[in-house]
Amino acid sequence: MPRKIIIDTDPGQDDAVAILLALASPEDLEVLGITAVAGNVPLALTAKNARKVCEVAGRPDVKVYAGCDRPLAHTLVTAEHVHGKTGLDGPDLPEPEMPLQQGHAVDFLIDTLRAEPAGTVTLCPLGPLTNIATALQKAPDIVGRVREIVLMGGAYFQVGNITPAAEFNIYVDPEAAEIVFKSGIPIVVMPLDVTHKALVTAPRNEAFRHLGTEPGRIVAEWTDFFERFDKEKYGSAGAPLHDPTVIAYLLKPDLFRGRHINVEIETGSALTRGMTVADWWRVTDRAPNALFMGDIDADGFFALLTERIARL
Ligand code: RIB
Ligand code: CA
């Protein structure tokens with residue numbers, strides 16, 4: 001029985017690879033819908049990009065909804081410097097033909113969680129947590145109906161990537177993150193501590209290109225584009241492939257190692273806004289609220305990713 005998921009996303013080349021990984025695994029995952037949120041680029045673009053990716057996967061039937069166009073309390077911060085002006089720069093992709101669903105993504109989240117049996121739907125946020133937090137605020141009854149939230153965001157040892165203290169997804173909407181992390185819903189966190197160990201090195205990217213398929217070529221060209229920023233910044237052998245770690249966890253959790261700890265979100269300080277204060281060393285008596293990942297079998301991750309992308 002495939003696991004039911006909703007992917008909440010701000011594509012973003014790495015979001016796009018995560019969506020392809022999920023759609024390439026129908027025997028494991030049933031994607032009930034994709035909800036777009038403002039993040040890497042504004043909402044109009046993330047909602048368009050999500051549909052472009054579904055069409056790359058040959059899945060124009062997937063329901064894609066547009067959600068919140070700005071964070072709860074701050075003005076939107078975007079990341080065109082990483083993802084390009086379209087948010088999906090690299091290969092030229094046609095304008096999507098599949099429709100955007102009518103209705104707001106937040107209402108889709110609420111309605112789906114109410115309609116599906118309690119404890120059967122997993123939420124997979126890959127961008128700022130605005131849609132998720134808004135749904136929890138609008139319909140508190142869904143808190144007990146979510147099976148698990150598996151998200152990409154935050155950092156402890158890696159600290160920050162958009163500021164010295166904060167990771168982008170949490171930084172863009174720290175108030176939303178606080179609502180999610182205090183919700184009591186079981187949370188699995190894929191922080192920069194893990195994603196910075198999942199670098200798309202040249203051999204790993206060539207493996208995508210050598211698949212000899214359109215999706216393989218497109219993934220390789222997305223990487224060719226977005227890796228330039230991180231390789232320059234970190235002097236690394238490749239860019240971290242952040243968001244697919246969320247989907248990989250659902251497919252092969254043993255690829256990851258982490259700790260069940262307390263994680264709280266800084267929302268008051270301008271200097272450290274969006275910092276995930278992770279009690280990794282358990283120095284406080286604050287109750288654990290998240291399985292915070294610290295390590296990944298990177299070779300296993302890329303082997304899974306390549307094998308699944310090959311299926312598209
Ligand atoms: O900090 C990395 C995260 O921010 C990833 O989800 C990337 O897509 C961007 O949204
Ligand atoms: Ca993202």
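The values are calculated or read from the model by the stated rules, or taken from the named source; none is laboratory data. As the structure is a prediction and not an experimental result, all values here were calculated from the model. Neighbour counts are summed over all protein chains in view; Cβ atoms, including those assigned to glycine, are modelled from backbone coordinates with ideal geometry. Heads up: the accessible areas ignore ligands, DNA and RNA and are worked out on the full protein's heavy atoms, side chains in. Shrake-Rupley method; radii C 1.70, N 1.55, O 1.52, S 1.80 Å.
Computed quantities for the displayed model
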read-out	value
Span from the region 110-186 Cα centroid across to the region 216-262 one, whole angstrom	19
Orientation-averaged projected area, Cα convex hull of region 1-157 (nm²)	9.8
Region 67-81-region 7-53 distance, computed between alpha-carbon centres (Å)	17
Loop chymotrypsin sites (Phe, Trp or Tyr not before Pro), region 281-312 (other Cβ atoms within 10 Å of the site Cβ: 13 or fewer; DSSP)	Trp281
Hz values of 3J(HN,Hα) by residue in region 271-288 - Karplus curve (6.51, -1.76, 1.60), Gly and Pro given as x	5, 10, 3, x, 5, 8, 7, 8, 7, 4, 9, 6, 8, 10, 9, 5, 5, x
Region 102-208: translational diffusion in µm²/s, Stokes-Einstein, Kirkwood Rh over Cα pairs, 37 °C, 0.692 mPa s	219
Where GluC sites (Glu not before Pro) in DSSP loops with at most 14 other Cβ within 10 Å are excluded, longest remaining stretch of the chain	98-312
Amide hydrogen neighbours beyond the local backbone of Val188, cut-off 5 Å, H modeled	Ile149, Val150, Leu151, Leu291
Accessible area of the chain divided out per residue, in Å², using a probe of 1.4 angstrom	38
Among the listed pairs Lys138/Lys231; Lys85/Lys197; Lys85/Lys182; Lys63/Lys85, those beyond 31 Å (Cα-Cα)	Lys138/Lys231; Lys85/Lys182
Neighbour cut-off at most 15 other Cβ (10 Å), DSSP loop, trypsin sites (Lys or Arg not before Pro), region 1-69	none
Relative contact order (%) - the chain, alpha-carbon pairs under 8 angstrom, separation at least six	19
Rg to Rh quotient for region 186-251, alpha carbon positions, Kirkwood Rh	1.01
All Cα pairs of region 45-105, percent lying beyond 20 Å	34
Relative contact order (%) - criterion: Cα under 8 Å, at least six apart; region: region 1-135	33
Distance histogram for region 223-274 (every C-alpha pair counted, 5 angstrom bins, percent rounded to whole numbers)	4, 15, 12, 12, 19, 24, 12, 2
Point-to-point label distance, Ala73-Ala287, nm (Cα→Cβ direction, 7 Å offset)	2.2
Overall dimensions of the chain as given by Cα atoms, namely Rg and Dmax in Å	17.6, 53
Within the accessible area of the chain (1.4 Å probe), percent carbon and sulfur	53
Within the chain: Cβ-based charge dipole about Cα centre, in debye rounded to nearest 20 (Lys, Arg +1; Asp, Glu -1)	320
Viscosity 1.567 mPa s, temperature 4 °C, Stokes-Einstein D of region 113-174 from Kirkwood C-alpha radius, µm²/s	101
Relative contact order computed over region 142-281 (Cα-Cα under 8 Å; 6+ residues apart), in percent	32
